[in-house]
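Contents: one structure, followed by commentary.
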Amino acid sequence: MFFDGNIFWLFMGILTVVVGGGFNEFAKSRGWTLTWWKWALAVVWYIIFMMGFYAWGTLIGENEGSAGFRFFLMIAFISAILAVGLWRLLAIGSSKNVNTQ
Amino acid sequence: MTETAVKSGPSRRDFLKIGGAAALVVQAGGLVAAGNVQGSSAETYTGWESFNPATQFFNRKPFEFEGPAHLPVADVRRPSHMTDYVFGRVATFQRAYEANPTWTPDDPVEDLGVPDPLVAFYKEYPERLEWDYRTFSETIPTRDEDYKVYGNYYKLADAYSSGFTAHAAYLPTAGSPPEESDFMEMQRNWPEPKPIGDPVPFKNEEKAAEFIKEVAHRYGATLVGITRAKIDYFYSEGWAGCPEDYDYSKLPEHWQYVIVIGVPMEWDTVLASPQASTSYEGYDRVSTAAVRLEGVIKNLGYPARASTPMTYYDMIVPPFAIEAGLGEVSRPGYCITPELGSNCRLAAVVTNLPMATDKPIKFGVEEFCNSCKICAEQCPSGAISMADSPDEQEWGTGPVLRGYKHWYINNGACYNFWRESMGPLGCRLCVAVCPYSRKDNWIHQLAREVDPRDPTGITRESLLFMQKNFFDYPEAVEYRRVGSGGHFASYRPEPAFLHAEDFLDIPITSPHAD
Ligand code: SF4
Ligand code: SF4
C-alpha cells in the first residue's frame, strides 16, 4: 500500500524540504534572522502540528474518526497558541526593512 | 540590503513560499492518509497478525519487582466452584429454584434448598442472592421474549460464536484424578491410554522456560508467563476427574509450576460488546493453545494438565497471570496486560517441568484504575465498584476477597446482565471500553510506553481527559433491553460480516430502530 511504503515516506521527506525552503524564504521576506535555535523551535512546532493530522488519520483508521477530529482540534488549538509565541521568538533580532521578494 | 524591485509575476521567493505552503497542505493530507492506513492495519491487531513470539513485545524488565504480587491480609479461603465460580453457583441456584419456584428472597435462604456452603456464601454476599434470584425469576424469561423479537438481528453473531463453542467438543478434559490423567498421553484413537515416558532433562531451567515460551507462542498464545503453583488460587473442590472424596486440601505433588497464556478476542468484534461480540473465540484459541502445550510437555515425559475456559478450570487463572508478570489486576478484577489491555483471555497449564519463573510487573494500572472508572460508569449492571480505590469497595466483604485485598466485581449482577443482553452469551463491555484495550498503533504505543514511566501522573490524567472527552460512549442504560430505557446498544457497531440484514433473507427487527 502506497501510504505506508518507503516511496511515500521518501515523498514526505521531499515535501519537508520544500516546506523548510518555503519557510526560509518566508522568514527572509519578514526580515527574520533564522538562528539554529529558531530552526529547532520551528521544527518542534511543525512536528506537533503535523502530529495532529497523523493522529486524526490514525483514529479514522481505528474507526474513531470523531475522536480523531476532536484530538486534531485540540492539537490545532495548542499549535495556534504556540505559533503566537513562536512568531515573537522568530522575530527577535529581525531587520527593520522587510523584504518584498 | 533592501530590495525594492517589483515584478509582475511571482518571484522566485514567492514561488518557494507558495511551494512550501502547498507542500505543507499535501503533507498534512498525506499524514492523514498514512495515519488511516496505520490505524486500520492488520499489524495493529496484536495477537492476530501472526503466531510468533514478537507478539509479546513490551519490555517488562524495567517494571519487574520481587513478588509475590498478592499477599494475604486475612485468613485465606480458597475459591469454590459452588459459590465463587458464577456458572457453578447459578447452576446450583437454578436447580434449587426450579424445585422451589415459590421461594422468594423474603424467605429464609435455608428454605431454598441449596447446599450448606452456598447458604453460607449467600449470607456473606446477600447481594449475590438477590441477583441470582432476579436472573432466574425475571431476566431469563424476559430475554426469551426479547429473542423472539430481535433474535434474527443477532443470527450471524450467534452462528459465528457457535463455530467456536462447537470446537469445545474436541478439546479434552481430564477424566481422572491428577495422579492418573496428568501422567497419560493425549493422543486419540489408541486402544488403551498410554502413560507418558520418562522425563527428558533440559540443560537448565532457563532453557526449559525458553522452549516452553517459544512453543506456546507457536501454538497460538500471544502472551506467556511462568510462575510457581500456589494452593490459594486452586479451587477447594471439584477438580476435573476427581471424585467428591478426593483430598483437595493439598496440591498434587507434581503441580509445581503454572504456565499462563493469554490471547485477545478479535479487536473489531469485541468492540461490538455487549451484544454481538463473543468470548468463545478467545476462549477457543487460548484453550486450544493450552491443550497443545499440555501435549508437548507430556510428550517430553512430564505430567501436565490444562485449565482452560473451553474445558475446565481447576484454578482461578488471573492471580497466576499476575504473578507470572503478564499484567496487573484491574478494577473489574481481571488482569490488564501491556500488549492486550483488558482484552486478554487466559488459560494455564500446571506441570512439574522445572522452569525459570517470571516476576510480576507494575506498570501503572493500579493508579490508572483508581482514577479512570470508565468500566464502572459504563457497566450496564452496576457490577463494577465506583470506589476510589480497592480499600473503599462498598459491597460484599469490602476490600478483602477470600483473604486478599484487591478489586473484584459483583458477579451476580454481571451474570444477570449476561442473561439480558442479546447475541452470544456474555457482555465483555468492560473489556471493550477500557482505554488499555486498544490496537497497537503509534498513539497507543506512545501512551503505553510513556504513562508507566511518568511518576507525576500527568500523562495518566491527560490520557484520561482525552479518553473521556474525545471518545463517544453510550449512556450505560442504552445497553439495556428495550423497555428498560435501553435499545441493546453496542459500544461500537458490529463488524460488517455480522450484519444479518445484509446477508440473510429473513425478517429482521433492529432493536436500535426508533
Ligand atoms: S461483563 Fe458487562 S455486566 Fe459484567 S462487569 Fe463487565 S461491563 Fe459489567
Ligand atoms: S476502564 Fe479504566 S478503571 Fe476500568 S479496567 Fe480499564 S483502566 Fe481500569
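The values are calculated or read from the model by the stated rules, or taken from the named source; none is laboratory data. If you're wondering where the values come from, they're calculated on a predicted model, not measured in any experiment. No Cβ is skipped: glycine too gets one built from the backbone with ideal geometry, and neighbour counts run over all protein chains shown. SASA here: full protein model, heavy atoms, side chains in, ligands and nucleic acids out. Shrake-Rupley method; radii C 1.70, N 1.55, O 1.52, S 1.80 Å.
Some notes on this structure:
- Relative contact order (percent, whole number), chain A, Cα cutoff 8 Å, 6+ residue spacing: 38 percent
- Pairs beyond 18 Å (Cα-Cα), from B:Lys61/B:Lys359; B:Lys250/B:Lys359; B:Lys230/B:Lys250; B:Lys213/B:Lys298; B:Lys230/B:Lys359: B:Lys250/B:Lys359
- Computed over the Cα atoms of the range B:233-364, the ratio of the radius of gyration to the Kirkwood radius (Rg/Rh) comes to 0.98.
- Only Lys, Arg (+1) and Asp, Glu (-1) charged, at Cβ; the range A:2-90 dipole about Cα centre in debye: 480 debye
- Ellipsoid semi-axes for the range B:309-413, based on the Cα gyration tensor and the rule √(5λ), read 25, 16, 14 Å when sorted largest first.
- The protein assembly as shown: translational diffusion in µm²/s, Stokes-Einstein, Kirkwood Rh over Cα pairs, 25 °C, 0.890 mPa s: 90 µm²/s
- Taking the accessible area of the range A:2-90, probe 1.4 Å, and keeping the other protein chains in place, the carbon and sulfur fraction comes to 79%.
- Directionally averaged shadow of the range B:339-394, computed from the convex hull of its alpha-carbon atoms, nm²: 6.1 nm²
- The interface between chain B and chain A buries about 3700 Å² of solvent-accessible area in total (1.4 Å probe, ligands and nucleic acids excluded).
- Take every pair of alpha-carbon atoms less than 8 Å apart whose residues are at least six positions apart; their mean separation over the length of chain B yields a relative contact order of 21 percent.
- Distance cut-off 19 Å, percentage of C-alpha pairs in the range B:420-514 lying past it: 56 percent
- Rounded tilt (10° steps) of B:155-167 against the dominant C-alpha axis of chain B: 50 degrees
- Cα-based Rg of the range A:2-90 normalised by 2.2 N^0.38 Å, two decimals: 1.25
- Selection from A:Phe3, A:Leu41, A:Gly65 lying farthest towards where the dipole of the range A:2-90 points positive, charges on Cβ: A:Leu41
- Sorted largest first by accessible area at a 1.4 angstrom probe radius, with every protein chain in place, the residues A:Ile78, B:Ile226 fall in the order A:Ile78, B:Ile226.
- Convex hull volume per residue, computed on the Cα atoms of the range B:414-471, equals 117 Å³.
- Taken about its Cα centre, the protein assembly as shown carries a charge dipole of roughly 3240 debye when the Cβ of each Lys and Arg holds +1 and the Cβ of each Asp and Glu holds -1.
- The Cα-based radius of gyration of chain B, divided by its Kirkwood radius, gives an Rg/Rh of 1.04.
- Within the accessible area of chain B (1.4 Å probe), percent carbon and sulfur: 55 percent
- Folded to 0 to 90 degrees: helix B:140-150 orientation relative to chain B principal axis, Cα: 40 degrees
- Note on chain B: helix-only mean residue ellipticity at 222 nm, from DSSP H runs of 4+ residues weighted -39500 (n - 2.57) and normalised by residue number, equals -10500 deg cm²/dmol.
- Rounded to 10°, Cα long-axis angle of helix B:86-99 versus longest principal axis of chain B: 50 degrees
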